[in-house]
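Before any comments, here is the structure.
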Amino acid sequence: MTRNKLVLVAMATSTLALCAGQTIAGGLDRSGQSTSAIFNEPGTASLSYGSVQPSVTGTDALGNSYDVAEDYQVTTLSYTGAFSDKLTYALIIDQPYGANVSYGNSPLTSVLGGTMADLSSDAATFVARYAITDRFSILGGVSIEGVQGNVSLNGLAYQTAIATSAVTSAFNSVLPNVLPDLTSTVLNAALAGSATAQAAIDTLYGPGTFASLAAQVGTAASTFVSTGGYKFAMQNDTSIGYLIGAAYEIPDIALRLAATYRFETEHSASTTENLLGITQNGTVDYVTPQSFNLDFQTGIAQNTLLTANFRWTDFSSVDVVPDLLGNDLVNLENARRFSLGIARRFSDSFAGSVSISYEPDTHSATVSPLGPTDGLYGLTIGGRYTHKNINITGGVNYTWLGDANAGVAGVPVASFNDNHVIGVGLKAEITF
């Protein structure tokens, strides 16, 4: 197989990432933060668009049904240029993270009604690549990233959990130093009817303490409902992040192994919270996660290319803890995604590809109601048409989402089963 033919086949594999990375998966991941544009021919510009239609339905313990995931779109722009034969660069604009979840039921009669999350982000990344030899190169880059979001926690589950937490915090704030703090877990057990927990509270803090706390929880729960639950608004914060990487290539067989590591990006955003009739302005410090991408491809037969990809995202390090609420709003596990694909060139103008993706479940007893799925399997089919210096790529993705139990304070409150995502993508590319 000639090198030129293999390069054409390699170009067709861009469709593999077009839709497969644009589903509800990997925590808050949206774009997959690919830097593959750095390997395009200098003078190449591209625009890709993905439309994603998720179906995430479930039922709570009271029999209420939910359809929580909203459709969304993802757009990516890139341009690849060259400073010299050895030093090339790429500018990539994408939306790396996002969430669109809404529980539409009444918060007065359902466990999670009124709960929602709307997170959006934009990033511009500049990547430079220096070819040390014709086989080995190093990469480095800088990104400017903006993130903003709104979250509401509501419904009967949050009413009880947040009211209990608020009462516990207020109680502990006035305790003498010689007494240990009361935990929400013990108070929850007492409220659930545990005679042992009730007796322990009265023994440690004085007779009648549990009855007083139970009355306070009831008042706080009533106030929580009448004031619209908990609302959190985080204004846009723009910060700078960095990436490094390396690649090994054998051009004659279209082999490439590229690794890219992104560092955590620190953010500090202005916030507004509403809880129990109190409105409080403040700031919240958080990070967007470190991540690692590993991309591999190689020719395996005449006009045929094998691809494999791996992405790890450290979502466990992402903690958004507002002052008034005092608890983490994110609460996600680390994400790992694997994909494997085949691309084949059928003629000078057309190539096709197929890939499968997999994200293992976390085996957690509960997941956040703001992301009520766990793991996935996906299938993407695509094609690429080439005419002179213009390439048009299209793809369709179907992803099976893993079952999960949404939980509040570690207690399962709703079950989500047999869900899926459909994604459609289109990419236009021109080399000047």
*Under 7 Å by Cβ, and 6 or more places apart or on different chains, what pairs join a residue from segment 20-35 that is closer than 17 Å to GLU333 by Cβ and at pLDDT 85 or above with one that is open to solvent by 20 Å² or more (accessible area, probe 1.4 Å) and not in a loop (DSSP other than H, G, I, E, B)?*
LEU28/LEU119
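Tell me, yes or no, whether segment 107-122 has at least one residue that is farther than 30 Å from GLY229 by Cα and more than 18 Å from the chain's Cα centre (by Cα).
no
Scan segment 278-318 for residues that are within 30 Å of GLY146 (Cβ to Cβ) and either more than 26 Å from the chain's Cα centre (by Cα) or assigned to a strand (DSSP E or B) (or both) and report the count.
21
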*What number of residues within segment 156-211 are within 22 Å of PRO322 (Cα to Cα), among the hydroxyl-bearing types (Ser, Thr, Tyr) and in contact (Cβ under 8 Å) with a residue 12 or more places away in the chain?*
8
*Qualifying positions in segment 386-414 - among the hydrophobic types (A, V, I, L, M, F, W, C) and either touching a residue at least 60 places away in the same chain (Cβ under 8 Å) or open to solvent by less than 20 Å² (accessible area, probe 1.4 Å) (or both)*: VAL396, LEU401, ALA404, ALA406, VAL408, ALA409, VAL411, VAL413, ALA414
*Scanning segment 27-46 for residues that are open to solvent by 30 Å² or more (accessible area, probe 1.4 Å) and within 24 Å of the chain's Cα centre (by Cα), which turns out nearest to PHE263 (Cα to Cα)?*
SER34
*Within segment 90-120, track down each residue that is aliphatic (A, V, I, L, M) and part of a loop (DSSP other than H, G, I, E, B).*
LEU108, VAL111, LEU112
_Just the residues that are in contact with a Pro (Cβ under 6 Å, 6 or more places away or on another chain) and open to solvent by less than 30 Å² (accessible area, probe 1.4 Å), please, taken from segment 350-375._
GLY375
*Checking VAL225 against (1) under 31 Å from the mean Cα position of the chain (by Cα); (2) surrounded by 21 or more Cβ atoms within 10 Å (Cβ to Cβ); (3) assigned to a helix (DSSP H, G or I), which test does it fail?*
(2)
_Subset of segment 376-385 that is among the aliphatic types (A, V, I, L, M) and over 18 Å from ARG30 (Cβ atoms) - its residue that is least open to solvent (accessible area, probe 1.4 Å)_ = LEU379
*So ILE240 clears everything in (1) surrounded by fewer than 13 Cβ atoms within 10 Å (Cβ to Cβ); (2) over 34 Å from the mean Cα position of the chain (by Cα) except one condition, right? Which one?*
(2)
*asked:* Here are the criteria: (1) within 30 Å of ALA99 (Cα to Cα); (2) open to solvent by less than 40 Å² (accessible area, probe 1.4 Å); (3) at pLDDT below 95. Tell me which single one PHE232 does not satisfy.
replied: (3)
*Please work out which one of (1) surrounded by 16 or more Cβ atoms within 10 Å (Cβ to Cβ); (2) within 20 Å of LEU243 (Cα to Cα) is the condition PHE310 fails and give its number.*
(1)
*Examine segment 227-244 for a residue that is of a type in the set (Gly, Ala, Ser) and touching a Pro at 6+ places or on another chain (Cβ under 9 Å), and state whether such a residue exists.*
yes
*Qualifying positions in segment 102-143 - touching a helix residue (DSSP H, G or I) at 6+ places or on another chain (Cβ under 9 Å) and farther than 30 Å from ALA247 by Cβ*: PRO107, LEU108, THR109, SER110, VAL111, LEU112, GLY113, GLY114, THR115
_Looking at segment 312-324, can you tell me whether even one residue there is of a type in the set (A, V, I, L, M) and modelled with pLDDT of 95 or more?_
no
*Could you look through segment 90-105, keep only residues that are in contact with a Gly (Cβ under 9 Å, 6 or more places away or on another chain) and open to solvent by 50 Å² or more (accessible area, probe 1.4 Å), and pick out the one that is farthest from LEU329 (Cα to Cα)?*
LEU91
*Mind listing just one residue for me: the one in segment 260-277 that is open to solvent by 30 Å² or more (accessible area, probe 1.4 Å) and in a strand (DSSP E or B) and, of those, farthest from VAL217 (Cα to Cα)?*
TYR261
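If you scan segment 43-66, which residues turn out to be within 22 Å of ASP418 (Cβ to Cβ), part of a strand (DSSP E or B) and not β-branched (Val, Ile, Thr)?
Start the filter on segment 43-66 by keeping residues that are within 22 Å of ASP418 (Cβ to Cβ), which leaves 52-66.
Within this subset, residues satisfying the condition of being part of a strand (DSSP E or B) are 52-55, 57-60, 65-66.
Those that are within 22 Å of ASP418 (Cβ to Cβ), part of a strand (DSSP E or B) and not β-branched (Val, Ile, Thr): GLN53, PRO54, SER55, GLY58, ASP60, SER65, TYR66.
The values are calculated or read from the model by the stated rules, or taken from the named source; none is laboratory data. Since the model is a prediction, treat every value here as computed from it, not as a measurement. All Cβ positions, even for glycine, are placed from backbone atoms using ideal geometry, and neighbour counts span all protein chains on display. All accessible areas refer to the heavy atoms of the entire protein, side chains included, with ligands and DNA or RNA removed. Shrake-Rupley method; radii C 1.70, N 1.55, O 1.52, S 1.80 Å.
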